Amino acid sequence: LSLTKVDTDVHNFRNIGLTYQMMTYSNLFDIIDSNDLFNYIMHRAQLYQLTNTKIIKAIKLVQLGLSEHYTLLCTTLSNERIDWAISFTSTGLSDIFCYRGASEFNESQKNNLLKIKEYSHQDCYAFEAAERLTDGQIDIMIEKKKENRLDYYSLTAAAEIDV
């Protein structure tokens, strides 16, 4: 008698939803296996504890070129911050600055880093400028970079001006 009680429509719907989630979860690991990602056993163990959306974002980060170590560090952040790391990685920012920018910056600093990265090829100066300069000083630094000044001189010139 209890068997018929368990087999109600509500329970079948929950089972279908769970089955769909599990199929998606295993499909994500099929993608990871076919692309030969996350081979280190500790990285793989950390992946098994993530949700589907975070696994998808981790795959995207690795495909963009972020190392597996920093990718897994980024998965501890919120989904919005992981999206920031994706945007930093797509600009070619180095791994440490992608993670630090995603975890430490506010919205204004994030936008400034993305603006500066278009004109600067040195990640350390771009990160430092976004970290400590205001929006007005960032615009001055970009103008100096357009005049073909070096990053150091653009940064110091912009930092001296109080906007």
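Things worth noting here:
- Scoring residue 87 on the criteria (1) out of contact with any Lys or Arg (no Cβ under 9 Å at 6 or more places or on another chain); (2) crowded, with 17+ Cβ neighbours inside 10 Å leaves a single failure, condition (1).
- Per the listing 58, 130, the residue uniquely of a type in the set (A, V, I, L, M), modelled with pLDDT of 90 or more and closer than 30 Å to residue 34 by Cβ is 58.
- From the list 85, 126, the one residue that fits, being among the small types (Gly, Ala, Ser) and under 11 Å from the mean Cα position of the chain (by Cα), is 85.
- Residues satisfying the stated conditions in segment 102-121, i.e. polar (S, T, N, Q), farther than 15 Å from residue 90 by Cα and either more than 12 Å from the chain's Cα centre (by Cα) or at pLDDT below 95 (or both): 106, 108, 109, 112
- Here residue 71 qualifies as hydroxyl-bearing (Ser, Thr, Tyr), open to solvent by less than 30 Å² (accessible area, probe 1.4 Å) and either over 30 Å from residue 144 (Cβ atoms) or touching a His at 6+ places or on another chain (Cβ under 7 Å) (or both).
- Among the numbered conditions (1) closer than 30 Å to residue 37 by Cβ; (2) buried (at least 21 other Cβ atoms within 10 Å of the Cβ); (3) modelled with pLDDT under 95, the only one that residue 99 does not meet is (3).
The values are calculated or read from the model by the stated rules, or taken from the named source; none is laboratory data. Note that the structure is a prediction, hence the values are computed from the model and not measured. Glycine gets a Cβ as well: all are built from the backbone with ideal geometry, and neighbour counts include every protein chain shown. Please note that ligands, DNA and RNA were not included when accessible areas were found on the heavy atoms of the full protein model with its side chains. Shrake-Rupley method; radii C 1.70, N 1.55, O 1.52, S 1.80 Å.
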